[in-house]
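Below is one structure, written out as structure tokens; the observations come after it.
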There are 2 protein chains.
Amino acid sequence: MREQIESLVREALRNAEKPASSNRMTIPIAVSNRHVHLSEEHIKRLFGRGLKEKKPLSQPGQFAAEETVTLIGPKGKIPGVRVLGPARSSSQVEVSRTDAFQLGVDAPLRLSGNTEGTPGIKLQGPRGQVEIKEGVIVAACHIHMHPEDASRFGVADQDRVTIRSTSSRPVSFHDTVIRVSDKFRLEMHVDFDEANAAFLTAGAEGVLIRP
Amino acid sequence: MREQIESLVREALRNAEKPASSNRMTIPIAVSNRHVHLSEEHIKRLFGRGLKEKKPLSQPGQFAAEETVTLIGPKGKIPGVRVLGPARSSSQVEVSRTDAFQLGVDAPLRLSGNTEGTPGIKLQGPRGQVEIKEGVIVAACHIHMHPEDASRFGVADQDRVTIRSTSSRPVSFHDTVIRVSDKFRLEMHVDFDEANAAFLTAGAEGVLIRP
């Protein structure tokens with residue numbers, strides 16, 4: 001009986017290592033490049049007018065604007081950083097850790113919208129410069145889900161899960177945050193450091209390993 | 001009995017999720033920046049003389065040289081790339097995927113030394129330029145181990161294991177290659193993309209989750 005138990009345990013461990021193909025639940029992974037969200041006031045000061053939509057993003061209502069800014073940190077600048085719309089109540093800058101080192105800004109890992117106590121930075125636009133006092137973050141990886149997806153995956157809003165990439169350099173992202181809304185479409189968002197660590201390519205997918 | 005088995009299986013699965021603290025086997029993680037290994041001939045052509053040791057590396061006999069080169073790819077250049085010594089039988093350039101995009105070189109994931117069919121690049125030194133026909137790789141993450149470590153971890157040379165970082169953005173690196181030699185000191189090597197994906201800091205460690 002001992003042997004039988006050990007054999008069962010070994011099999012369970014083996015199955016835990018890789019997702020069972022019979023129960024494979026994949027999630028498309030999108031790579032977010034560095035970008036900024038701006039308040040109405042900052043849009044006005046940087047561009048002298050409102051944002052122009054360049055193309056819609058996968059999450060309904062969100063769009064990439066025609067406008068870009070230059071980020072100016074104590075150690076370096078990054079030009080051509082895309083503004084995403086629509087306007088938000090406060091401005092926020094999302095960079096990768098690689099970007100943060102280049103700018104010389106100690107950006108902490110945060111969920112979008114949670115910017116209290118984070119460092120500031122200067123933004124340069126064609127019509128002016130804005131210095132924000134806080135708002136520079138490295139966005140924690142997260143999964144947008146419709147309530148129907150959440151039910152299918154057996155998870156709830158704010159749950160943290162592990163996602164294993166199916167790419168050529170497979171990586172598991174622990175502490176990936178689930179965000180559920182009936183406005184969301186199923187998609188995981190990672191930054192370029194995470195994408196490059198995993199060798200993600202277009203059409204990348206992840207597997208939810210443990211709900 | 002069925003219940004007893006299921007309970008054991010559940011416990012084994014729970015333990016597989018996170019390393020048991022009682023059996024925690026940690027491995028120091030070192031971050032390798034982009035670097036080149038050069039043949040005697042290329043050292044001569046680039047610098048007009050042999051390498052000067054700047055400081056020893058953690059693996060016995062290896063050193064960072066005073067010398068650096070500029071990598072010149074079809075899309076960009078990266079200056080100040082460290083040469084590691086001693087000389088090797090053939091030259092090899094190890095970059096991150098981020099670097100590879102910047103240079104415009106489609107560097108594949110390879111173990112060091114396995115460069116057949118990989119792309120080439122130009123190297124500029126103070127005394128001359130060298131164009132290598134192949135040798136640009138993204139180094140697969142790996143763990144140097146002394147045979148005593150291998151025995152303690154229950155692994156063998158060329159095994160592939162999963163290492164979970166203990167950092168603030170925890171990531172598991174699957175397919176990490178074990179390399180055993182009595183010349184090696186226990187250390188995992190990752191590149192900057194992997195380090196930044198995991199938010200690794202000085203003194204970073206990984207835990208071998210499943211041998």
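The values are calculated or read from the model by the stated rules, or taken from the named source; none is laboratory data. Not measured: the values here are computed from a predicted model. Backbone-built Cβ (ideal geometry, glycine too); neighbour counts: all protein chains shown. The accessibility values were calculated without ligands, DNA or RNA, using every heavy atom of the protein model including side chains. Shrake-Rupley method; radii C 1.70, N 1.55, O 1.52, S 1.80 Å.
I'm trying to understand the selection: among the residues of region B:141-176, which are under 15 Å from the mean Cα position of the chain (by Cα), outside any strand (DSSP E or B) and within 11 Å of another protein chain (Cβ to nearest Cβ)? Correct list: B:Cys141 only. On the stretch given as region A:177-199, residues that are outside any helix (DSSP H, G or I) and within 17 Å of B:Ser165 (Cα to Cα) total 1. Between A:Arg164, A:Arg169, the distinction of being buried (at least 20 other Cβ atoms within 10 Å of the Cβ), closer than 30 Å to B:Pro108 by Cα and free of Cβ contacts under 8 Å to residues at least 60 places away in the same chain belongs to A:Arg169 only. Of the numbered criteria (1) open to solvent by 20 Å² or more (accessible area, probe 1.4 Å); (2) in contact with a Ser or Thr (Cβ under 8 Å, 6 or more places away or on another chain); (3) outside the structural domain of B:Ile43 (by TED's automatic domain parsing), the one B:Gln158 fails is (2). Considering the conditions (1) facing chain B (nearest Cβ under 10 Å); (2) open to solvent by less than 20 Å² (accessible area, probe 1.4 Å); (3) among the small types (Gly, Ala, Ser), A:Gly206 is excluded by exactly one of them, (1). Tallying residues that are modelled with pLDDT under 95, under 27 Å from A:Thr98 (Cβ atoms) and open to solvent by 50 Å² or more (accessible area, probe 1.4 Å) within region A:32-77 yields 2. Taking region A:81-140 as the range and being assigned to a loop (DSSP other than H, G, I, E, B), over 27 Å from B:Leu200 (Cα atoms) and open to solvent by less than 30 Å² (accessible area, probe 1.4 Å) as the test, the residues that pass are A:Ser91, A:Gly125, A:Gly128. Here B:Arg160 fulfils each of the conditions (1) more than 22 Å from A:Ala197 (Cβ to Cβ); (2) out of contact with any Lys or Arg (no Cβ under 6 Å at 6 or more places or on another chain) apart from (1).
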